[in-house]
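**Student:** Dropping a structure here in structure tokens format, bear with me for questions.
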Amino acid sequence: MLELLHIENLAVIETADIQFYPGFNALTGETGAGKSIVVDAMQAVLGGRASRDLIRTGAGAAFVSAVFSGLPGTFPALSACGAEADEEGKLLLQREITADGRNVCRANGRPLTVSQLRAVGAELLNIHGQHEGAQLLDEERHGEYLDRYGRTEEPLAAYRKEYEALLAIRRRMGELQMDEAEKARRMDSLRFQIDELERADLRPGEEEELRARRDFLRSGEKYLSALEGAAYALGGGDDSDGAVRQLQSAAEALTPLRSLGGEFAQLFERVQEAAAEVYDLSETLRDKREEFDFSPGELDAVESRCDQLYRLKKKYGATAEDMLDYLDRCRRELDTIETSEEELARLERKLSAAEEKVRAAGEALTAARKVAAGELEQRIQTELRELDMKKVRFEIRFEPKEPAMDGCDAIRFLMSANAGEDLKPIAKIASGGELARIMLALKNVLSEQEDIGTLVFDEVDTGVSGRAAQKVAEKLAQVSRRKQVLCVTHLPQLAAMADVHFCVEKGEVKGRTFTEVRCLNRSQRQAELARITGGSQVTDALLASAGELLDAAETYRKGLQ
């Protein structure tokens, strides 16, 4: 159950702490006082959509936290986030919404994404908004309600698996089915591209090698001149001696000093070693000059190849690897088109088998739904009679339709609110009050199938008054004996039936609007009920009537224990 809701800087609420209790909790207040902001806060802390426009003027961020207690031992959505309830079974959810649109979410201190927070919140609390009853008018949603009640997850999953396999076959057949002219054009295009890429004889890494070779060849004359100049300086030529000959002559001149030993012998050896080293350098330069493979025609060939690769890259891919991948895809597509007739014949056989599997899975799903529909019809009718719709008839009608992702059934909720009237779609005959009660009945029935501990009703009494309002109040009191119920209401019957009554009041301090949420005692509840009933003129008669309403509600609640 929701134990504590803390709100900071959300719309007109600067700060508020609301301590909720087990059973039936009601919130009342003047229109515009901020009751719906309390519901917005609940939605926000449970991962619902929360605009930064909700941040109170002048504040940098809005903050909402909620404490839940009595959580079950297993909590899949929470475990999936790596968080868990504490040893007392309590969970603290927090969400901060900043002015720049960022969201900071936590569960017992562990950071979460908004989507993770939403998944956790879906297992904790169910909010029935003011306009949710309109969903009953959308017949596309009726199948979802039935599946939730009947817990048809297993047959529905089995059906969807077969249906997705059928769709895959149909998509593949659609890819293969083209007219002969289109097929011929595509085959010609593929053959041209395959031929162009195969003739190019692509090789990974070739372009980098070509660029390096091109840069080298463009500077070939400069490199050749450098080698020749260095070789001439060391080796000399016909008209002069080079460094090698000069060093050799120096060594010959120092030969007589060898016999003196010591420093003179070392000096001779150093000159002789220098002559040998320079000779080696001269020979190396000569070899490099002879090895230098340079011809004007090679540069033209390299330039031409680079240009060819550039043109191919613009058509088929940024690198040789990309172009080779494209070539492989073209070959496969051409092969597929050339063998499409055989492939289509094979898929036709698979299609028949897949359609049969879909029909069988659809029949199994329909059978499960019809069993659930019979039970749901009885439950809804019982609930509606308890909500002062004694002559109502409710029926779930099945009509076959083409297989789709949700099955082979068009499911519609039909009703007759008055004796002697034919069953018709809810959208055509239900009034606002009847729609609200039908939705309440459906919510009540569905909640029995779920482990959610808290139900929130935001003005579920729309369009309801008089005796019907009393029946709605009694129904919420009954529901509150097995679930925590939080209800925003304008009806005195509902507010009086609550175990705990909160009043949402709006005021002004120093030119700023503030909203306060107060838990009312008996006398305060009596005054609030009188205000709801009579408006601003609260008379002794209204106060006495409010007291009688509280007494009657207390007597009814005691009878439920």
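The values are calculated or read from the model by the stated rules, or taken from the named source; none is laboratory data. Just so it is clear, the model here is predicted, and its values are computed rather than measured. Using ideal geometry, Cβ is built from the backbone for each residue, glycine included, and neighbour counts are taken over all protein chains shown. With ligands, DNA and RNA removed, areas are computed over all heavy atoms of the protein, side chains included. Shrake-Rupley method; radii C 1.70, N 1.55, O 1.52, S 1.80 Å.
**Student:** Hey, if we sort His490, His142 by accessible area with the 1.4 Å probe, largest down, what's the order? Kindly include the intermediate steps, with their values, before the conclusion.
**Tutor:** Details: His490 70, His142 0 Å².
Sorted by accessible area, descending: His490, His142.
**Student:** State the extension gain, in nm to one decimal, for the chain segment bounded by Met187 and Arg512, taking 0.36 nm per residue of separation less the distance between their alpha-carbons. Don't skip to the end; give the middle numbers.
**Tutor:** Values: separation 325, 0.36 × 325 = 117.00 nm, distance 7.46 nm.
Gain on stretching Met187 to Arg512: 109.5 nm.
**Student:** Counting other C-beta atoms within 10 Å, and keeping those with at most 16, which DSSP coil trypsin sites (Lys or Arg not before Pro) do you find in region 433-530?
**Tutor:** On the way: sites: Arg437, Lys443, Arg467, Lys471, Lys475, Arg481, Arg482, Lys483, Lys506, Lys510, Arg512, Arg518, Arg522, Arg525; in loops: Arg481, Arg482, Lys483, Lys510.
Within region 433-530, the qualifying trypsin sites (Lys or Arg not before Pro) (loop, at most 16 other Cβ atoms within 10 Å) are Arg481, Arg482, Lys510.
**Student:** Taking a ≥ b ≥ c as the square roots of the eigenvalues of the Cα gyration tensor of region 31-155, is the shape rounded (a/c under 1.5), prolate (a/b larger than b/c) or oblate? The partial results should precede the final answer.
**Tutor:** On the way: a/c = 2.05, a/b = 1.17, b/c = 1.76.
Note, shape of region 31-155 comes out oblate.
**Student:** Using θ = phi - 60° and the Karplus curve 6.51 cos²θ - 1.76 cosθ + 1.60, what whole-Hz ³J(HN,Hα) does each residue of region 502-515 get, with Gly and Pro shown as x?
**Tutor:** After applying 6.51 cos²θ - 1.76 cosθ + 1.60, I find 10, 10, 9, 10, 10, x, 9, 9, 6, x, 10, 8, 10, 10 Hz.
**Student:** To make sure I understand the rule: partners must be lysines, Cα under 27 Å from the Cα of Lys313, and not fewer than 8 residues away in the same chain. Which ones qualify?
**Tutor:** List returned: Lys183.
**Student:** Given a 1.4 angstrom probe, what's the average accessible area per residue across region 416-529, in square angstrom? Before the final figure, lay out each step's value.
**Tutor:** Details: 4480 Å² over 114 residues.
Each residue of region 416-529 exposes 39 Å² on average to a 1.4 Å probe.
**Student:** Quantify, in whole percent, the carbon and sulfur part of the accessible surface of region 310-393 (1.4 Å probe; protein heavy atoms only). If you can, show how the numbers build up before the last one.
**Tutor:** Numbers: 2450 of 4860 Å².
Percent of accessible area from carbon and sulfur atoms in region 310-393: 50.
**Student:** Something else: What is the local net charge at Val504, summed over the other residues whose Cβ is closer than 12 Å to its Cβ (Lys, Arg +1; Asp, Glu -1)? Walk me through the intermediate numbers first.
**Tutor:** Numbers: positive: Lys35, Lys506, Arg518; negative: Glu30, Glu505, Glu516, Glu528.
The answer is -1.
**Student:** Follow-up. Given (i) 53.7; (ii) 24.6; (iii) 37.5, which label gives mean projected area of the Cα convex hull in nm² as computed from the coordinates?
**Tutor:** After the calculation, the listed value that fits is (i).
**Student:** While we're on this one: Enter the accessible area per residue of region 340-403 (Å², integer; probe 1.4 Å; all protein chains in place).
**Tutor:** On the way: 3630 Å² over 64 residues.
Result: 57 Å² per residue.
**Student:** A further question follows. Given a 1.4 Å probe, how much area per residue of region 25-148 is accessible, in Å²?
**Tutor:** Values: 5730 Å² over 124 residues.
Ligands and nucleic acids excluded, the result is 46 Å² per residue.
**Student:** Now for a separate question. Which entries of Lys90/Lys471; Lys370/Lys483; Lys357/Lys424; Lys390/Lys428; Lys443/Lys558; Lys35/Lys558 have Cα-Cα distances beyond 31 Å here?
**Tutor:** Details: Lys90/Lys471 34 Å; Lys370/Lys483 28 Å; Lys357/Lys424 34 Å; Lys390/Lys428 19 Å; Lys443/Lys558 24 Å; Lys35/Lys558 28 Å.
Violating the 31 Å limit, Cα to Cα: Lys90/Lys471; Lys357/Lys424.
**Student:** Once phi is turned into ³J(HN,Hα) by the Karplus curve 6.51 cos²θ - 1.76 cosθ + 1.60 with θ = phi - 60°, what whole-Hz value does each residue of region 389-396 show in order, with x for glycine and proline?
**Tutor:** Going residue by residue, I get 10, 6, 9, 5, 10, 10, 9, 9 Hz, with x marking Gly and Pro.
**Student:** Given the chain, what percent of its DSSP beta bridges are antiparallel, to the nearest 5?
**Tutor:** Details: 49 of 66 bridges.
Around 75 percent antiparallel, to the nearest 5.
**Student:** Okay, next question. In a shell of Cβ-Cβ distance under 9 Å around Phe413, excluding Phe413 itself, what net charge do Lys and Arg (+1) and Asp and Glu (-1) give?
**Tutor:** Around Phe413, the charge tally is 0.
**Student:** Distance from the Cα centre of region 191-256 to that of region 317-379, in angstrom?
**Tutor:** Taking the Cα centre of region 317-379 as reference, the centre of region 191-256 is 63 Å away.
**Student:** So who's got an amide H within less than 5 Å of the one on Leu112, skipping anything under 5 residues away but keeping other chains? H placed 1.01 Å off N, in plane.
**Tutor:** Cys105, Arg106, Ala107
**Student:** In the neighborhood of Thr319, defined by Cβ-to-Cβ distances under 12 Å, what is the net charge if each Lys or Arg adds +1 and each Asp or Glu adds -1?
**Tutor:** Details: positive: Arg203, Lys313; negative: Glu206, Glu207, Glu208, Glu321, Asp322, Asp325.
Value of the local net charge: -4.
**Student:** For an R0 of 35 angstrom, estimate the FRET efficiency from the Cβ-Cβ distance between Glu263 and Ala233 and round to the nearest 0.05. Numbers along the way, then the final one.
**Tutor:** Values: r = 30 Å, r/R0 = 0.86.
FRET efficiency, Glu263 to Ala233: 0.70.
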